[in-house]
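Notes follow once the structure below has been shown.
The values are calculated or read from the model by the stated rules, or taken from the named source; none is laboratory data. Source: prediction; values computed, not measured. Neighbour counts run over all protein chains shown; Cβ positions are idealised from the backbone, glycine included. The accessibility values were calculated without ligands, DNA or RNA, using every heavy atom of the protein model including side chains. Shrake-Rupley method; radii C 1.70, N 1.55, O 1.52, S 1.80 Å.
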Amino acid sequence: VLDIRMKEGNSKKMEVNGGIGSIFSRLSIEAPIFKDKASFIVAGRRSYIDVLAKPILAQKQPSLKDAKFYFYDLTAKLNWRINDKNTVFASGYLGRDVFGAGFTFNWGNTTGTVRWNHIFNSKLFMNLNTFYSNYQYQLGFKNEGNDQKFEWKSNIINYSFKPDFTYYLNSKNTIKFGAQGILYTFKPGEAIIT
């Protein structure tokens, strides 16, 4: 089981972090909305090897002057501690990889999640997750001689509803139970020729 969770925003003070690298740069901002009750974090990164390499590529191979090869992603999370028994989290992710030199080839994902933690009593705890995901894949070609274009798009979209419960039977035994429903929508391909 791989369980990945996003960092929560700083609920005490505003914080800005970033970094510049040889391939990509990153920036994150986190801050309280209501001190010790609600906070947010927004983080993004983008590669820029395409920007640095474009002059060299165009000089050596003029047909590559419009070459694209980069990735980017953006994440955001909001958490709100309503009271001692209820906390709500909302998060989103948008990312894409783009590659092309005389053609287009890119893929990416858009997701959104809402999670609710609820304490019923000292023995029973609930974690309710709902999420949306849209994976997109695209391929395209262009004939420079006669302006003909071919584009092919594909999507996998899913929605999920997942309540998980933890029951603390005693100091040595814990019972975990729950359910999950997932709705998948497959769009295997949509081709456009102009």
Checklist entry - In degrees from 0 to 90, rounded to the nearest 10, what is the angle of the helix 49-60 Cα long axis to the longest principal axis of the chain? => result 10 degrees
Checklist outcome for this item: Taking the alpha-carbon centre of each part, the distance from the stretch 34-57 to the stretch 86-107 in Å is 12 Å
Item to check | Percent of Cα pairs exceeding the 25 Å cut-off, where the set is the stretch 45-194 | outcome: 54 percent
Checklist outcome for this item: Neighbours of Y93 by Cβ distance under 10 Å: Lys/Arg at +1, Asp/Glu at -1, summed charge 0
Checklist entry - With no solvent and one point per C-alpha, what does the Debye sum give as log10 I(q)/I(0) for the stretch 1-125 at q = 0.09, 0.21 Å⁻¹? => result -0.41, -1.18
Checklist entry - With labels modelled as points extended 7 Å from the Cα through the Cβ direction, what inter-label distance (nm, one decimal) is found for K153 paired with K68? => result 1.3 nm
Checklist entry - Tell me which aspartates and glutamates have Cα within less than 15 Å of K153's Cα, excluding those fewer than 8 residues away on the same chain? => result D97, E190
Checklist outcome for this item: For the pair Y168 and Q59, the simple spin-label estimate (label points 7 Å beyond Cα toward Cβ) gives in nm 6.6 nm
Checklist outcome for this item: For the stretch 159-165, in residue order, the Karplus 3J(HN,Hα) values (coefficients 6.51, -1.76, 1.60; θ = phi - 60°; whole Hz; Gly and Pro = x) are 10, 9, 10, 9, x, 10, 10
Checklist entry - Most mobile of N121, N109, N134 per a Gaussian network model of the chain (Cα springs, under 10 Å)? => result N121
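Based on the Cβ-Cβ distance from N121 to F34, what FRET efficiency comes out when R0 is 22 Å, to the nearest 0.05? List each step's numbers first, then the result.
On the way: r = 27 Å, r/R0 = 1.21.
According to the calculation, E is roughly 0.25.
For the stretch 68-154, what is the Kirkwood hydrodynamic radius in Å, using each pair of distinct C-alpha atoms? Each step should come with its number before you reach the end.
Numbers: mean 1/r = 0.0620 Å⁻¹.
That comes to 16.1 Å for the stretch 68-154.
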Checklist outcome for this item: GNM on the chain, Cα springs under 10 Å; top mean-square fluctuation among D164, D147, D97 goes to D147
Checklist outcome for this item: Per GNM of the chain with C-alpha springs under 10 angstrom, the most fluctuating residue out of I156, I41, I82 is I82
Checklist outcome for this item: Computed ³J(HN,Hα) along the stretch 174-191: with the Karplus parameters 6.51/-1.76/1.60, θ = phi - 60°, integer Hz and x for glycine or proline, the list is 10, 10, 10, 8, x, 8, 8, x, 10, 10, 9, 10, 9, 10, x, x, 10, 9
Item to check | Rounded accessible area of W80 (nearest 10 Å², 1.4 Å probe) | outcome: 120 Å²
Checklist entry - All other residues with a Cβ under 15 Å from the Cβ of T111 taken together, and with Lys, Arg as +1 and Asp, Glu as -1, what is their net charge? => result +4
Checklist entry - Roughly how many Å² of F150 are accessible to a 1.4 Å probe, to the nearest 10? => result 70 Å²
Next on the checklist: On a 1.4 Å probe surface of the protein chains, which of I193, I29 comes out largest in accessible area, and what is the full order?
Outcome noted: I193, I29
Checklist entry - Quick one: Karplus J couplings for the stretch 128-135, per residue in order, coefficients 6.51, -1.76, 1.60, θ = phi - 60°, nearest Hz, x for Gly and Pro? => result 9, 10, 10, 8, 10, 9, 9, 8
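Expressed as a rounded percentage, what relative contact order does the chain have, with Cα pairs under 8 Å and six or more residues apart?
12 percent
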